[in-house]
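Read-outs: derived from the displayed coordinates by stated rules, not from any lab. On a predicted model such as this, the values are computed, not experimentally measured, just so you know. Methodologically, a virtual Cβ is constructed for each residue, glycine included, from the backbone with ideal geometry; neighbour enumeration extends over all protein chains shown.
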Amino acid sequence: MAPVTPALVAAIREKRYARARGAVPHVALAGLSLQVAAGEFVALVGPSGCGKTTFLNIVAGLDRDFDGEVRLAPRPDGEAARVGYVFQEPRLLPWRTVYENIALVLPPHRADVRLQDMLQAVGLPQARDLYPLQLSVGMSRRVAIARAFAIVPDLLLMDEPFVSLDHDTVEQLRDLLLKLWHARPTTVLFVTHDIREALVLADRLVLLSGTPGRVLADVPVGLARHRRHSGAEIERLRDEILRRHRELIGAAAAPATSES
Amino acid sequence: MSAATTAQRASSWMAASSMAQRIGSVVLFLVVWQIVADVVHSRLLPSASAVFAVLGQEAVHGPLLFHLGITLARVAAAFVIAMAVGTAIGIVMGRSRTLDALFDSWLVLLLNLPALVIIVLAYVWFGLTEAAAIGAVAVNKIPNTAVTLREGARALDRRYSDMAASFRVGRWRTLRHVILPQLYPYVFAAARSGLALVWKIVLIVELLGRSNGVGFEIQLYFQQFDVTRILAYSIAFMVVIQVIEWAIFQPLERRAARWRQ
């Protein structure tokens, strides 16, 4: 059961990208508000280009040029919340070994013990001294996930981490993610455009509009986790949510089209 | 036999054959030199064998090694200063548009300032001192290094910096593990051309305002028209520089590129 204290409160009034002098700036997000409870697994679902990555970068503190607020609950010891980030591509430093890549994000004196555990947990105990170019695509993703979990994050951001992988690898990685998340509970904000994936993983789906991104609907996943393997129920839910999402996007876009 | 060992053998065979070609080329040069010198038969074009005989004699009984050491120390000092300062300037200018716009013309000016002018001004302003000599050489190389490293800093991959920032990797560790490894190819490029440039300019500062070193000796033998010794000293130093390239630069570069294989 998730406690009630929100791990993340975000209210983005507006995020715009400057364009060349004179041109109209591109508004990526407008009125995107979101609250995530500690320990909750939330999937952000939206069409591509709707500002999902922009939003994650703002939450991660990479982008400070926006109008709005983002608050992360501090750790019990009063320190700032730790954020783990799994990017769309693994983003491992190719010139550092697997071990060095994970050690980089850990406090220096704590690296060794946690690291071996982490590699074990993602099923790569032998990969420690390999360079990223020597890893398969699936292995690289595992290392990226291990890196994010290794810091014992208070908030884990995942930006479509399983795109452009074959079906079997994706299945394995999803199972791995859930296994890790159960063993090392944390708050997760998972971005995807795949409703089926969101249904398999998340406690709650947050449906986003097209550009500029804002929240259209909040859909709790009622299905117990052990029943999510049955394809039929996932499919039924998916169809329902997909239909609703399309209607909402259509409704949101309608005034804009009638204006033009 | 596996494909890997075949490939390894092929590559080591190729390395050996390219080494043989190199040696062959040097030997050919020496032979041509020897023949031309024998035909011309002039005091102003000593034969290869005469030059190498003097080289050996100067190394064992003469002051060649002393002067070589002095010059090498100057090359090392000027090289280290030029690389450190040039790299720092290059990174800063590559990262900051404002500073780049502000100082770009300075860099162009320095790049176009003849080495001789910098040396003469350094001696005039700071006296015929060791610091002026080494400083003048470094200033000759700094703009070159800065321009190369600026290219590198502009090409830095933002995605890796973002990764480091999101995981709160500290400034120093980000520089060491994320930024510098991306700059190594540029550092090596600057170092190679730098060594070649620095040692030639060191000879000129020695010739103009020092009382020891290979450049000073060459000036001395120039006054005596002793071409044999001029060539002996130059060859000795060229060999030293080539050895530094083979024994230090190339292994370091291979080490830095280890992850690519």
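Starting from the 7 Å offset along Cα-to-Cβ, what nm value, one decimal, do you get for the label separation of A:Ala217 and B:Phe66?
Spacing of the two 7 Å Cα→Cβ label points: 9.2 nm.
Against the longest principal axis of chain B, how steep is helix B:227-244, in degrees 0 to 90 to the nearest 10, with axes from Cα atoms?
30 degrees
Just order B:201-208, A:135-142 by mean Cβ neighbour count inside 10 Å, highest at the front, would you?
Details: B:201-208: 23.4, A:135-142: 18.6.
The peptides rank, most packed first, as B:201-208, A:135-142.
Can you check what the net charge comes to around B:Leu252, using other residues whose Cβ is under 13 Å from the Cβ of B:Leu252 (Lys, Arg +1; Asp, Glu -1)?
Working: positive: B:Arg192, B:Arg254, B:Arg255, B:Arg258; negative: B:Glu245, B:Glu253.
Value of the local net charge: +2.
Rg(Cα) of the range B:115-261 divided by 2.2 N^0.38 Å? Present the calculation step by step, with values, prior to reporting the outcome.
Working: Rg = 20.1 Å, N = 147, 2.2 N^0.38 = 14.7 Å.
That ratio works out to 1.37.
For the range A:114-260, divide the Cα radius of gyration by the Kirkwood radius and give the resulting Rg/Rh value with two decimals.
Numbers: Rg = 17.9 Å, Rh = 17.2 Å.
Here Rg/Rh amounts to 1.04.
Sticking to Cα atoms, compute the Rg of the range B:191-245 to one decimal and its Dmax as the biggest Cα-Cα distance, whole number, in Å.
11.5, 35
Where the only charges are on Cβ atoms (+1 Lys, Arg; -1 Asp, Glu), what is the dipole of the range B:63-260 about its Cα centre, to the nearest 20 debye? Walk me through the numbers on the way to the answer.
On the way: 20 positive and 11 negative charges, 208 e Å.
Using only the charged Cβ atoms, the result is roughly 1000 debye.
Counting C-alpha atoms alone, how compact is the protein assembly as shown: give Rg to one decimal and Dmax as a whole number, in angstrom.
My reading of the Cα-based Rg and Dmax gives 32.3, 101 Å.
First obtain the Kirkwood hydrodynamic radius of the range A:1-155 from its Cα pairs, then insert it into the Stokes-Einstein equation at 25 °C and 0.890 mPa s, and state the resulting D in µm² per second as a whole number. Please report the intermediate quantities before stating the final value.
Values: Rh = 17.6 Å.
The estimated diffusion coefficient comes to 139 µm²/s.
How long, wide and thick is chain A, going by the Cα atoms along their three principal axes, in whole angstroms, largest first?
60, 50, 38
In the range A:129-157, which residues have a backbone nitrogen under 11 Å from the label point lying 7 Å from B:Arg173's Cα in the Cα-to-Cβ direction?
It comes to A:151, nothing else.
Peptide A:72-84: average number of partner chain Cβ atoms within 10 Å per residue? Walk me through the numbers before you get to the answer.
Values: counts 0, 0, 0, 0, 0, 0, 0, 0, 1, 0, 2, 3, 2.
The mean count of partner-chain Cβ atoms within 10 Å per residue comes to 1.
I need the Kirkwood Rh of chain B: take the reciprocal of the average 1/r across all distinct C-alpha pairs and report it in angstrom. Can you show the working numbers first?
Working: mean 1/r = 0.0465 Å⁻¹.
Every distinct Cα pair counted, the radius reaches 21.5 Å.
How many percent of Cα pairs in the range A:96-151 exceed 18 Å? Please report the intermediate quantities before stating the final value.
Working: 266 of 1540 pairs.
The share of Cα pairs beyond 18 Å in the range A:96-151 comes to 17 percent.
How high is the FRET efficiency from A:Val9 to A:Thr169, r the C-beta distance, R0 35 Å, rounded to 0.05? If you can, show how the numbers build up before the last one.
Working: r = 35 Å, r/R0 = 0.99.
Given R0 = 35 Å and the Cβ-Cβ separation, E is 0.50.
Given the rule -39500 (n - 2.57) for each run of at least 4 DSSP H residues, summed and divided by the residues of chain A, what is its mean residue ellipticity at 222 nm, to the nearest 500 deg cm²/dmol? Numbers along the way, then the final one.
Values: 7 runs with 93 residues, N = 260.
The per-residue figure over chain A is -11500 deg cm²/dmol.
Quick one: order B:Arg95, B:Arg229 by neighbouring beta-carbon count within 10 Å, fewest to most.
Details: B:Arg95 14, B:Arg229 21.
Going from least to most buried by this count: B:Arg95, B:Arg229.
Which of the lysines could be linked to A:Lys15 by a straight reach, that is with a Cα gap under 30 Å, when you skip same-chain ones fewer than 8 residues away?
The reachable lysines, counting only those whose Cα sits under 30 Å from A:Lys15, are A:Lys52.
Taking the mean number of other Cβ atoms within 10 Å as a proxy for protection, how do you rank B:102-113, A:169-180 from highest to lowest? Mind dumping the intermediate values first?
Numbers: B:102-113: 13.0, A:169-180: 16.6.
For the peptides B:102-113, A:169-180, the packing ranking is A:169-180, B:102-113.
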